[in-house]
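Visitor: Quick one: this structure, given as structure tokens, is what I'll be asking you about.
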Amino acid sequence: MTGTSPQSQLNEKPGVFTHTSLMTLAKGIGKEALKGLELAMILNISATAIIRSAADITDTPLTAEGSEYNRIAVTQSCLLRWKELTQNAKTKDRLKSLERALREIGKGDIADQLVEHHQNNQELTQDLFE
């Protein structure tokens, strides 16, 4: 699915684009209705890729009761796909893109924290969503 190998994950510098940070973001955003799918669409993940990801993860509708973990998994998959697709982009462009997408789905507070954590070279942490 992604070109991110376990070894390259170990060599990542701390920050908002690490595998860990993106997984944290997916857990926080993905559990809320279809916010993770909205985020993926705004980040220009194709509808085909989103549908394929959802189909690979579950055959249950993502709106079904108890589908929170499936929504999180699809969001994780989409964010890793976005990371792969933008790996050659400038960091500031990736930051602007993710910040804008978060604001567009009504997560301005998370967007602000994303920028702050980026400026401090810190990973995102689960406490942002509590």
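Visitor: Quick check on Thr86: is it more than 15 Å from Ala33 (Cβ to Cβ), free of Cβ contacts under 8 Å to residues at least 12 places away in the same chain and touching a helix residue (DSSP H, G or I) at 6+ places or on another chain (Cβ under 8 Å)?
Guide: Yes; evaluated as a whole, the condition is true for this residue.
Visitor: While we're looking at this one, here's another question. May I ask you to list the residues in the stretch 86-98 that are of a type in the set (Ser, Thr, Tyr) and either under 19 Å from Ala47 (Cβ atoms) or crowded, with 20+ Cβ neighbours inside 10 Å (or both)?
Guide: Within the stretch 86-98, Thr86, Ser97 qualify.
Visitor: If you don't mind, another one. Suppose we keep only residues that are over 23 Å from Arg103 (Cβ atoms) and not acidic (Asp, Glu) within the stretch 63-85. Which one would you say is surrounded by the fewest Cβ atoms within 10 Å (Cβ to Cβ)?
Guide: Gly66
Just so you know, all these numbers are worked out from the coordinates, no wet-lab data involved. These numbers come from a predicted model, not from an experiment. Glycine also receives a Cβ, built like all others from the backbone with ideal geometry; neighbour counts cover every protein chain displayed.
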